[in-house]
Amino acid sequence: MNRKYLYYLPAIIAAIIIYSLSTNTNVQLPKTTWVASDKIAHLGVYAIFHLIIVWGMLKQQVWQKIHWNFVLLSLVIASSYGVLMEWVQLLTPGRVFDYADMFANIIGTIVGTLILPFIKKYMFRIL
């Protein structure tokens, strides 16, 4: 097996964790008085998920600069996964489909793209 594909393993693990949290009906989120805390969580998770995908693509190619076509591809992958997870929740008993969550997932991937230029020098140092 080619070792360069192992750089995608963190993204695969993140996708599995997101899936398990999205389909688990026993997940109890902490109660807050702030209504948007759920949306902030979606935004943060998908920003990180997007950055993990970008990291895997960049490390797999062993390039020391960001190629924006990879960023765009990972943006589409992470956003599509966020949309898919909301549709999966529609089919999962005990879970709720929410367009606002879907929107927060997509915005999270965009936020990941926007912060990428500020953290790119640290992304190559990991592993």
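The values are calculated or read from the model by the stated rules, or taken from the named source; none is laboratory data. Please read all numbers here as calculations on a predicted model, not as lab measurements. Every residue, glycine as well, gets a Cβ built from its backbone with ideal geometry; the counts of neighbours run over all protein chains shown.
Some notes on this structure:
- Options TYR46, TYR81, TYR99: the member that is at pLDDT 90 or above and more than 28 Å from LYS4 (Cβ to Cβ): TYR99
- Answer residue from segment 87-102, given it is assigned to a helix (DSSP H, G or I) and touching a residue at least 60 places away in the same chain (Cβ under 8 Å) and is surrounded by the most Cβ atoms within 10 Å (Cβ to Cβ) among those: ASP101
Here is a yes/no grid of residues against (1) modelled with pLDDT under 85; (2) farther than 21 Å from THR92 by Cβ; (3) exposed (fewer than 11 other Cβ atoms within 10 Å of the Cβ); (4) under 14 Å from the mean Cα position of the chain (by Cα):
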residue: ARG3; (1), (2), (3), (4): yes, yes, yes, no
residue: ALA11; (1), (2), (3), (4): no, yes, no, yes
residue: ALA14; (1), (2), (3), (4): no, no, no, yes
residue: TRP34; (1), (2), (3), (4): yes, yes, yes, no
residue: ILE40; (1), (2), (3), (4): no, yes, no, yes
residue: GLY56; (1), (2), (3), (4): no, yes, no, yes
residue: VAL62; (1), (2), (3), (4): yes, yes, yes, no
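- Counting only residues that are at pLDDT below 95, touching a helix residue (DSSP H, G or I) at 6+ places or on another chain (Cβ under 8 Å) and closer than 20 Å to LYS39 by Cβ, segment 106-127 holds 3 of them.
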